[in-house]
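Data block below; observations after.
The values are calculated or read from the model by the stated rules, or taken from the named source; none is laboratory data. Remember, it's a predicted structure, so these values are computed and weren't measured experimentally. Methodologically, a virtual Cβ is constructed for each residue, glycine included, from the backbone with ideal geometry; neighbour enumeration extends over all protein chains shown. Remember, those area values only see protein heavy atoms, side chains included, never the ligands or the DNA or RNA. Shrake-Rupley method; radii C 1.70, N 1.55, O 1.52, S 1.80 Å.
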Amino acid sequence: MSKPLDAYSAMKITIDYDLPEYPDFKEGVRRAPYRESRLSASDKELAISNALRYIHPDHHRQMAKEFAEELQTRGRIYGYRFRPPGDLHGRPIDEYNGSCVEGRAIQVMIDNNLDFDVALYPYELVTYGETGQVCQNWMQYRLIKKYLERLTDEQTLVMMSGHPLGLFRSHSLSPRVITTNALMVGMFDSNDGFNRAAAIGVANYGQMTAGGWMYIGPQGIVHGTFNTLLNAGRIKLGIHEDGNLAGKLFVSAGLGGMSGAQGKAAEIAGAAAIIAEVDSSRIKTRYEQGWVSGVAETCEEAVAMAQEKQASMTPFAIAYHGNIVDLLEYLYEHDVRVDLMSDQTSCHVPYDGGYCPQGVSFEERTRMLSGDKDAFRALVDKSLRRHFELIVKLHGRGTYFFDYGNSFLKAVCDAGEPGICKNGENDLDGFIFPSYVEDILGPQLFDFGYGPFRWCCLSGKPEDLDKTDEAAMNCIEPGRRYQDRDNWIWVRDAKKNKLVVGTQCRILYQDALGRMNIALKFNEMVRKGEIGPVMLGRDHHDTGGTDSPFRETSNIKDGSNIMADMAVQCFAGNAARGMSLVALHNGGGVGVSKAVNGGFGMVLDGSERVDGILRMAIPWDVMVGVARRSWARNENALETAAEYNKLFCESDHITLPYIADENVVKDAII
Ligand SMILES: NC(=O)c1ccc[n+]([C@@H]2O[C@H](COP(=O)([O-])OP(=O)(O)OC[C@H]3O[C@@H](n4cnc5c(N)ncnc54)[C@H](O)[C@@H]3O)[C@@H](O)[C@H]2O)c1
């Protein structure tokens, strides 16, 4: 037999030889529940030997035992020993080592995703959405950092489901990092398939910006939630274009990573809101951060508080500590008028801890997840069915309910309630309640190209954020459309609304040209030394980056919403045009196999090279979505694409559809 390869001497970049001290776990920091795995004995061996690939063989005996213990008690191998001690923060870029600005910038973003104040389960590398991880384990984290420190502007770091495959030569206009997460081969692309792959250490659930390293705390979703609520008010409650939701009541559930934005968004839109949350630690976090204004321990208290605020037209968000189903029961029984209603529990993984069933406390739910999974599943199903029943009853009294992209409708259907399906049988024709994209965000924003553009001031200086807010505001023409006016007001008031959690970042919905103009302006400001370097990005929840038939592409009606070509083209096109970081994931906010989504990060260093990339890549990133939406015959997208064809006639051209007369088609059918 040939001698085994001495990997240690064949590599220049490895995690350090010496094992770090086992770190302490800080009291009060949320921990992920046990994760489902159902591994065979040989799978367990595979999981341990897979994790040992990062470790020098001198330590294998010790670490094999430690990994086996983690697998047994946690369902996953996180490599806790390799977590750097203490809290992590996205520090100012100058404090990071690196051979190029992108290598240092990306380290800021990763550390921000793992900040105790930002991340949902920081010890398990979960940023948000119950399962959305930066990478699989802390050995990968350490190795990624080593690679980012070495990365030059003529290399690309290749990331596969959290594993840094290596550095490969590219060129100065290539992405510095290309990352993919959980891209499973079709026949294995299921929850069970994913859980096994994650447990043996070959798959990472990146969600969207968790694995794309561009999460910016609950601020990342708050502008979209605000837009959704305000436009729901305009479309469904008859609120005037200049008005707000003063005096209206919004009810929902969840104060976690993303759902934590609901209270703040409702307040900015002028409403009173009651958000149910079963986990007291999350209520504490959101209250201390100022993302809810009041806390109620009983339904009675919550409703009294809300009604007082409605009467005085005062915006006010209340966290109700309890189960959403109990709250809805109370609202129905006491005939409380609810204007808008949604849900943002983690229903993309209802059986893995995402949804807490009625009658079960949060602590009990966590215990049950490591014990009787079948009994837990039955309770989740029962609760979801009751939840649905109450929504139907409140809807009957005039409440507008919408799915907020958490797979709630699908989860109710899977829980054995076919009444939620349009055809009364299965989800093939969609559901009786609309997804917020279908009714609101799709036609009003995505079809025009408006989406969640964001930036992070890498200096960490609040003054830089102030300067960029002002510059962005000056790039918007508020008189063009009501969407522009909304966005202009949003950025004007952003500082006042205290949205920053973690690094100095901002979210601002913009269309293709708005994003490009703002990006070019910021790069000019970096060039002139007015601000430090900036990382641009966006949520994956956008016009072009995501194919998700129950969410982002739910208003695509030409049958192509089951295809994932757009997300892949968007990702490939962004890579081809030189974005600094490009990401493509399976699953996103709706769960494994239900979406393909991609995002980007773009470092502004003030150079002309970056100006060139911005001019090519930013319009592409958005217009791929508008073009696809216009081909699906979406009215506003058709208008936007036609206008683009005129404006960019020298360089770009979008194929537009001829619209068939319905009667001609009907008459032709044999
Ligand atoms: N619409 C969007 O733009 C968007 C964006 C990101 C995420 N999402 C989806 O929204 C969902 C929530 O995301 P998140 O990051 O906030 O997840 P999260 O897991 O951090 O938060 C969900 C919260 O719901 C609470 N909860 C669960 N069951 C409950 C119940 N029955 N009653 C009251 N509270 C309950 C949990 O304790 C948790 O705090 C996910 O499914 C995610 O994929 C949607």
Scan of region 332-345 for residues that are touching a strand residue (DSSP E or B) at 6+ places or on another chain (Cβ under 9 Å) and either free of Cβ contacts under 8 Å to residues at least 40 places away in the same chain or open to solvent by less than 30 Å² (accessible area, probe 1.4 Å) (or both), ordered by number: Val336, Val338, Asp339, Leu340, Met341, Ser342, Asp343, Gln344, Thr345
Hits in region 411-428 (condition: farther than 16 Å from Ala378 by Cα and of a type in the set (D, E, K, R)): Lys422, Glu425, Asp427
Would you check if there is a residue in region 290-303 being within 14 Å of the ligand (Cβ to nearest atom) and over 24 Å from Pro357 (Cα atoms)? yes
Name every residue in region 162-180 that is open to solvent by 10 Å² or more (accessible area, probe 1.4 Å) and closer than 13 Å to Tyr141 by Cα, in order of residue number. His163, Leu165
For residues that are more than 20 Å from Gln72 (Cα to Cα) and of a type in the set (Gly, Ala, Ser), scanning just region 350-375, find the one that is nearest to the ligand (Cβ to nearest atom). Gly354
Note: among Ile235, Ile239, Ile221, just one is within 10 Å of the ligand (Cβ to nearest atom) and open to solvent by 10 Å² or more (accessible area, probe 1.4 Å), namely Ile221
In region 168-215, anything touching a Phe, Trp or Tyr at 6+ places or on another chain (Cβ under 6 Å) and closer than 21 Å to Arg577 by Cβ is listed as Thr209
Of the residues in region 468-495, how many are within 18 Å of Leu441 (Cβ to Cβ) and open to solvent by less than 20 Å² (accessible area, probe 1.4 Å)? 5
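When the residues of region 395-408 are filtered to those that are touching a helix residue (DSSP H, G or I) at 6+ places or on another chain (Cβ under 6 Å) and not in a loop (DSSP other than H, G, I, E, B), which remaining residue is farthest from the ligand (Cβ to nearest atom)?
The extreme case among them is Tyr400.
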Selected residue (criterion: nearest to Ser190 (Cα to Cα)) from residues of region 1-48 that are open to solvent by less than 70 Å² (accessible area, probe 1.4 Å) and among the polar types (S, T, N, Q): Ser37
Of the residues Asp117, Asp153, which is in contact with a helix residue (DSSP H, G or I) (Cβ under 8 Å, 6 or more places away or on another chain), within 16 Å of the ligand (Cβ to nearest atom) and open to solvent by 10 Å² or more (accessible area, probe 1.4 Å)? Asp117
Matching residues in region 269-284 - criterion: being under 17 Å from Tyr436 (Cβ atoms) and more than 9 Å from the ligand (Cβ to nearest atom): Ala269, Ala271, Ala273
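Restricting to region 305-337, name every residue that is under 19 Å from Leu394 (Cβ atoms) and away from the ligand (no atom under 14 Å from the Cβ). Talk me through it step by step, then tell me what you get.
Step one: list which residues in region 305-337 are under 19 Å from Leu394 (Cβ atoms), which gives 306-307, 310, 318, 320, 322-337.
Passing the criteria: Ala306, Gln307, Gln310, Tyr332, Glu333, His334, Asp335, Val336, Arg337.
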